[in-house]
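The values are calculated or read from the model by the stated rules, or taken from the named source; none is laboratory data. Remember, it's a predicted structure, so these values are computed and weren't measured experimentally. Methodologically, a virtual Cβ is constructed for each residue, glycine included, from the backbone with ideal geometry; neighbour enumeration extends over all protein chains shown.
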Amino acid sequence: MDFVLANWMLIAVALVSGGMLLMPMLTGGGGAGLTPAAAVQLINREKAVVIDVCEPAEYQAGHVGGARSIPLGELEAKLPGAVKNKATPLVLVCASGMRSGRAVAIARKLGYDNAQSLSGGLKSWREASLPIEKA
């Protein structure tokens, strides 16, 4: 007990820093997301499925090659039908990376533990000079 009283400040700092390290895991963030290069490796090596969560008009204007279109508002209802195996890695993409971050939380809630967001979205994909398809 004397140790705790004598070192209360060190214990408080350890608890706060540990909580800050665990916060992304607890909130479903899990980090900043995938870089375009890491996403390509995941697609090629582990047969990841790319899900574009943009609205249909945005999807038609341009999307990652082979991406399936499921708008964010319909993701919870349509994802289980589109990707039946929950162990399949998912790469969720939107225009800037904001909606795909929310989509990761939805996918993980549905049991897709290998869901990740493309950081920077389609914008970072274009900046990396990777191919884009238009519908």
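Scan the range 91-101 for residues that are touching a residue at least 40 places away in the same chain (Cβ under 8 Å) and either surrounded by 24 or more Cβ atoms within 10 Å (Cβ to Cβ) or in a helix (DSSP H, G or I) (or both) and jot them down.
From the range 91-101, those touching a residue at least 40 places away in the same chain (Cβ under 8 Å) are 91-95, 97, 99-101; that's our starting set.
V91, L92, V93, C94, R99, S100, G101 - these are the residues of the range 91-101 that are touching a residue at least 40 places away in the same chain (Cβ under 8 Å) and either surrounded by 24 or more Cβ atoms within 10 Å (Cβ to Cβ) or in a helix (DSSP H, G or I) (or both).
What number of residues in the range 48-63 are among the hydrophobic types (A, V, I, L, M, F, W, C) and either part of a helix (DSSP H, G or I) or not assigned by TED's automatic domain parsing to the domain that holds M98 (or both)? Before the answer, list the steps.
First pass over the range 48-63, keeping only residues among the hydrophobic types (A, V, I, L, M, F, W, C): 48-51, 53-54, 57, 61.
When the remaining residues are screened for being either part of a helix (DSSP H, G or I) or not assigned by TED's automatic domain parsing to the domain that holds M98 (or both), the result is 57, 61.
Residues in the range 48-63 being among the hydrophobic types (A, V, I, L, M, F, W, C) and either part of a helix (DSSP H, G or I) or not assigned by TED's automatic domain parsing to the domain that holds M98 (or both): 2 in total.
Is it the case that some residue within the range 97-117 is under 12 Å from the mean Cα position of the chain (by Cα) and of a type in the set (V, I, T)?
In the first step, residues of the range 97-117 are kept if they are under 12 Å from the mean Cα position of the chain (by Cα); the result is 97-108, 112-117.
The next check asks that each one be of a type in the set (V, I, T); those that pass are 104, 106.
For the range 97-117, residues under 12 Å from the mean Cα position of the chain (by Cα) and of a type in the set (V, I, T): present.
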